[in-house]
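The next block holds one structure in the form of structure tokens; read it before the comments.
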Amino acid sequence: MQSEIRAAAIRGIDRLIDNLGGNGAALLAEFGVSPGDLDSDHGLLPTVTAGRILRRATKTLDCPDLGLRLAAYQDMSMLGPLALAVGNCDTVGEGVDCASRFLFVHNQGIRLSRADDPERYAGVGAVEYRMLHPDIPYEPQTIDAGLGMLHRNLITMSGGYELLGVHLPHPPLTDESVYTEFFGAPVHFDTGRALLRVPTKLFVQPMSTPVNPELRRMVVEYLEAHYTDPREGVAAGVRSAVSRALGTVPARIELVAGWLHLHPRTLQRRLAQEGTSFQAILDDVRKTAAHRRRRRVPGAVAVPRPVVRRAGSPGVPGRHVGPVPVSRGPGGLRHLHAQFPLPALDRRQLHGRRRRDPRLPAAHGGGVRHRPPHPLRHEGGRGRLVR
């Protein structure tokens, strides 16, 4: 599988090129990309293509510090759903760990992690930015942009921090003072590593903005359910793809293989090497989804929406909009119907219309569940079907 990156990773490159005197849309079009693709939170690019775009723009505009300039155009929002998980962690260190865990959602070719200080000073640590795929051509502008974006994100998370030094694996692409001015700290080149040296106390520093633990939990659960680390094997990727497809599009092996950039036969062969098959994964995902639906609200009975709306206190319609927990036995259902009774209607009143609760206001739909008309209908007492 080829390594991919979210198109939002180079969001703003078109505007940057325009401001530098070029034509951003035309340059992107050379690689089959449009500015709208960069503004989407769902677009993906091959990692190699993103690097080539930066390289072409650097050469065309004669702008050796393009990577740093691009980092200055961006903020945490370019991380998509990962930004919500990272920004709602309790401390900066937890945010770094969360980004390290799920960064593959944004870019499959890099990893972020805490590291020891390469200069071995007490009370000093590092945040390292690593390229994973040796088959992807090394692009210094990509490293500059990524490390610059990491620096800006740490500022956002902490509200301002003390950067002690920067290590870059390549020689300076422009005057060294440009790097020093951007990072505000000494920059060392040709070190073989890309990292930021920071005080270890930064990792226990609270986030600079209020956090929402419940939102973080929901986003993490979403990321766990819908994305799989490519390092975990083909079977994990297939399971994640089938989970996303279930209930939206037919989960066929041809479709999933296309998402993973594999031929269906190649996918079957790799799954067999891991001791499973596409059909086995599909059956397991369906079984898990059905089990999850059954246990979504333990001990609750689904109540029709008009009844649920009436469950609110007087003057506050719709206060309770979820299932009403009751006992699952017959006694519990009798209690429910005793609490929310529906009036009995004469059978002659039901002729030609649907049963409704006259006590509900018309704005609530009167308790009527509307269904789309059927192309075939009964006419007369003989039950003939007419169109």
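Every number in this text was worked out from the coordinates using simple rules, so none of it is lab data. Values in this document were obtained by computation on a predicted structure and should not be read as measured data. As a convention, Cβ positions derive from the backbone with ideal geometry for all residues, glycine included, and neighbour counts pool all protein chains shown.
Things worth noting here:
- Rounded to the nearest 20, the Cβ-based charge dipole of segment 228-292 about its Cα centre (Lys and Arg +1, Asp and Glu -1) stands at 80 debye.
- Segment 4-204 - charge dipole about Cα centre, Lys and Arg +1 at Cβ, Asp and Glu -1, debye rounded to 20: 220
- Residues whose amide H lies under 5 Å from that of residue 124, counting only those 5 or more places away or on a different chain, are 200; hydrogens are built 1.01 Å from N in the peptide plane.
- For segment 4-204, the calculated P(r), taken from all Cα-Cα distances in 10 Å bins from zero up to the bin holding the longest distance, is 9, 37, 38, 15, 2, 0 percent.
- With the highest mean first, a sort of the peptides 28-41, 8-21 on other beta-carbon atoms found within 10 angstrom per residue produces 8-21, 28-41.
- Relative to the current alpha-carbon distance between residue 201 and residue 225, full extension at 0.36 nm per residue lengthens the span by 5.3 nm.
- Cα convex hull of segment 176-297 - mean projected area over all directions, nm²: 13.5
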